[in-house]
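To keep things clear, I will list the structure first and then write my remarks on it.
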Amino acid sequence: MLRNLQRVAAGLELPPVLRSLRTRLRSSRPMLVFRWLWPFLAPERGLLLAAALVTLLLTLVEVFSPVLLGLFIDSLLGGPATPVPLGRVPLLGLMLAAALARGFLVARQQIQAGTLGERVAARIRNTLWAHLQQLPLEYLRRRGPGRLSLRFVSDTRMVQRLVAQGLVQLSQDLALLCAILVVLLVLNWRMALGVALVLPLYAVLFGWLNPRLRRASRATRRSRSRLSAYLHDHLVGVVITKSLARQNVENRRLGQLTRRLARNGSRRARWGGQLQGLAAGTVALSSVVVLALAAGEIAAGRLTGGTLVMFYTLLGLVVPIFQRLAVANRTFQEAYISLDHLRQTLKVAPERPAVDRRPSLVVESGKLVVEDLSFTRRDGTPVLQGVSLHANRGELVAIVGPNGAGKTTLLELLLGFRSPDGGRILIDGQDTARVNLDSLRVAIGLVPQEALLFDGTVAENIAYGVRDGVPEEQLLRAARLAGVLQMIEQLPDGWDTAVGAGGRALSGGQRQRVALARALA
């Protein structure tokens, strides 16, 4: 039966207006955001359902409280013409229960929203980190650590705010707004119509201000990204700045960046503040309209004092709703920029397939052959042309040449960080372009010119590249061959000495030797 209905529905053609509306809805920003976030939200279906239930209950309590207040006032002021279904004591009991329920439900909603946002952000960070490790080295260098760090810190924080303060709170506010409008219509449709006539003014002004807020938010994010990249580069290179006495120049550069960020941030605050002011002004105007209409309704006997209080209290709930919607809109604009950054990063093609089914490299004699290798940069500059060499196990081969001759490029081609334009590299007769990339890199020990150590102990850094653990004898032998064993024995905690982030607790020569021991291990 269900399949037959699906076939019939598939065969039906929607009118052009509905088709256009469906297309616009699918391509709208909120729908694009939801579709992009859904793979990260889907594992939290249980939490989403619980949040939806709490939101529904909270909406009912929020609307029910002013109704009880109006009935209680009618019980105090009304006569026989305004009968109240409940006495004062039951009404007070229900108002107390509603107040307690509201406190409990608000707490539950905030806990659920915060938990949901943190879990989604953590899932995005894990996915982003796994993807970045598979990206080409050239892309990572071009973006730089400062800009990529923003993806983990700033962009994912904005996504967390979007989920916690945006999706959950927005759902609550929209549901409450719809419920309030329905109750207002039931209470007095004439006054509700007067309120409804003011709302189009808000919609028109919102449509005029919102694009300006979006552009200001995007400019602010760009300025913040540039400032972050500048700080990262110049904190790393502070030795050069001090050695050349360039502090004043860098102070001026930082001042330019911070002024630009402040200028763009002020524009964003201006447009965001105008949106919030528009929300407050719209509701205030609605209140004036309600009071003007209420005078006639009371005179005609169609409105009681309690109903007026009920109506006015419900209208008062719309003020914070519109203010929160304005804040949520600004959060959404900033989060959309962050989501776009994350989406663009995750779209970059990795350097190899998700599952590398190529055969593993088998090293026996350790013979390296480079045949007629050539490589050209992206800008068309040739780096290597017709390079050939042979290297056997136990040989020491030095590759020399001026800066820019392609020495580093040759080593990166050997490790599979880049792909040659022509020629091939063979290890024991196996073309490195046709073997599993992990097996190739595991077989090669790399000690870069600037030896980088990870935050941890000396022993952890030396054993870092060994997948299945390494015997103590092998660690000792690697340290002895690298000439670092005596240095380790003189350290305060020996092998358990913490090297600090980047190995800053060690000297440059000590870092080089630890890195050499890591490659040998």
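The values are calculated or read from the model by the stated rules, or taken from the named source; none is laboratory data. Owing to the predicted nature of the structure, the values given are computational and were not obtained by experimental measurement. Please note: Cβ atoms are built from the backbone with ideal geometry, for glycine as well, and neighbour counts cover all protein chains shown. All accessible areas refer to the heavy atoms of the entire protein, side chains included, with ligands and DNA or RNA removed. Shrake-Rupley method; radii C 1.70, N 1.55, O 1.52, S 1.80 Å.
Being modelled with pLDDT of 80 or more and under 22 Å from residue 342 (Cα atoms) is the filter here; which residues of region 232-263 pass it? Across region 232-263, the qualifying residue is only 261. All conditions in (1) assigned to a loop (DSSP other than H, G, I, E, B); (2) open to solvent by 50 Å² or more (accessible area, probe 1.4 Å); (3) closer than 30 Å to residue 382 by Cβ hold for residue 416, with the sole exception of (2). Against the condition loosely packed, with under 11 Cβ neighbours inside 10 Å and either farther than 20 Å from residue 438 by Cβ or hydrophobic (A, V, I, L, M, F, W, C) (or both), how does residue 374 come out, does it pass? Spelling it out, it is not the case that residue 374 is loosely packed, with under 11 Cβ neighbours inside 10 Å and either farther than 20 Å from residue 438 by Cβ or hydrophobic (A, V, I, L, M, F, W, C) (or both). Of all the numbered requirements in (1) at pLDDT 60 or above; (2) not small (Gly, Ala, Ser); (3) not in a helix (DSSP H, G or I), residue 80 misses one, and that requirement is (1).
Can you name every residue in region 428-437 that is open to solvent by 20 Å² or more (accessible area, probe 1.4 Å) and touching a Lys or Arg at 6+ places or on another chain (Cβ under 7 Å)?
Of everything in region 428-437, those that are open to solvent by 20 Å² or more (accessible area, probe 1.4 Å) and touching a Lys or Arg at 6+ places or on another chain (Cβ under 7 Å) turn out to be 428, 431, 433, 434, 436.
Looking at the structure I just gave you, is residue 445 on the phi > 0 side of the Ramachandran plot, open to solvent by less than 60 Å² (accessible area, probe 1.4 Å) and touching a helix residue (DSSP H, G or I) at 6+ places or on another chain (Cβ under 6 Å)? Taking the combined requirement at face value, the residue does not satisfy it. Kindly indicate whether residue 314 is at pLDDT 75 or above and either surrounded by fewer than 16 Cβ atoms within 10 Å (Cβ to Cβ) or under 20 Å from residue 197 (Cα atoms) (or both). When the stated conditions are applied, residue 314 passes them. The residues in region 380-394 that are under 16 Å from residue 426 (Cβ atoms) and in a loop (DSSP other than H, G, I, E, B) can be counted, and the count is 2. Might you check whether a residue that is part of a helix (DSSP H, G or I), under 36 Å from the mean Cα position of the chain (by Cα) and not polar (S, T, N, Q) occurs anywhere in region 290-304? Checking region 290-304: not a single residue is part of a helix (DSSP H, G or I), under 36 Å from the mean Cα position of the chain (by Cα) and not polar (S, T, N, Q).
Within region 49-62, residues that are within 14 Å of residue 106 (Cβ to Cβ) and in contact (Cβ under 8 Å) with a residue 12 or more places away in the chain have Cβ atoms under 7 Å from residues that are of a type in the set (Gly, Ala, Ser) and open to solvent by less than 20 Å² (accessible area, probe 1.4 Å) in these pairs: 51/113; 61/98, counting only partners at least 6 apart in sequence or on another chain.
The number of residues in region 152-163 that are open to solvent by less than 20 Å² (accessible area, probe 1.4 Å) and among the hydrophobic types (A, V, I, L, M, F, W, C) comes to 4.
Would you pick out the residues in region 122-151 that are closer than 18 Å to residue 46 by Cβ and open to solvent by less than 50 Å² (accessible area, probe 1.4 Å)? Within region 122-151, 122 is the sole residue that qualifies.
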